[in-house]
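Please read the structure below before turning to the comments.
The values are calculated or read from the model by the stated rules, or taken from the named source; none is laboratory data. None of these values were measured; they are calculated from a predicted model. Here the Cβ is made from the backbone with ideal geometry for all residues, glycine too, and neighbour counts use every protein chain on show. These accessible areas exclude ligands, DNA and RNA; they are computed on the full protein's heavy atoms, side chains included. Shrake-Rupley method; radii C 1.70, N 1.55, O 1.52, S 1.80 Å.
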Amino acid sequence: MQGNEFIKGTLKTIILRLLSQKKHMYGYEITQRVAALSSNEIKLTYGALYPTLYKLEADGLLVTTTEVVDNRARKYYSLTAKGRKLAKEKVSELQRFNQILSAILADNPKPDLTFDAWS
């Protein structure tokens, strides 16, 4: 899939959603889960993933823990209460946006959908 601009705009929501579904995940696990769920259409790069994880952590939405697995330190990311709340909000917003976008892109758009992009 070539739509890097789409991924960039939704990466935060994708990460929050995945972490809301699981107690904790590490970076590589997140990339593999996204690839699996998208049938390998979306491949997250580390250059996109880790800055987003660091930003979410700095914003108080994630906490990290380190565990030793196979004699290697592995950094796990988990949602804070604030992160869980935001995950629900962001997923809901994105789902609504996808409905609206589908209506716009449909062959016969329905004029009754409303969306205030500034709210």
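Does the stretch 37-56 hold any residues that are open to solvent by less than 70 Å² (accessible area, probe 1.4 Å) and over 16 Å from Thr13 (Cβ atoms), and which are they? Across the stretch 37-56, the qualifying residues are Gly47, Tyr50.
Among residues of the stretch 70-85 being in a helix (DSSP H, G or I) and touching a Ser or Thr at 6+ places or on another chain (Cβ under 9 Å), the one that is nearest to Leu49 (Cα to Cα) is Gly83.
Could you count how many residues in the stretch 16-38 are in contact with a helix residue (DSSP H, G or I) (Cβ under 8 Å, 6 or more places away or on another chain) and assigned to a helix (DSSP H, G or I)?
As a first pass, look at the stretch 16-38 and keep what is in contact with a helix residue (DSSP H, G or I) (Cβ under 8 Å, 6 or more places away or on another chain): 16-20, 25, 27, 30-31, 33-34.
In the following step, the residues that additionally are assigned to a helix (DSSP H, G or I) were identified as 16-20, 27, 30-31, 33-34.
Of the residues in that region, 10 qualify.
Among residues belonging to the stretch 70-110 that are surrounded by fewer than 11 Cβ atoms within 10 Å (Cβ to Cβ), charged (D, E, K, R) and at pLDDT 90 or above, point out the one that is nearest to Leu11 (Cα to Cα). If we take residues in the stretch 70-110 being surrounded by fewer than 11 Cβ atoms within 10 Å (Cβ to Cβ), charged (D, E, K, R) and at pLDDT 90 or above, then Arg72 is nearest to Leu11 (Cα to Cα). Among the conditions (1) exposed (fewer than 11 other Cβ atoms within 10 Å of the Cβ); (2) not in a helix (DSSP H, G or I), Glu67 misses just one, which is (1).
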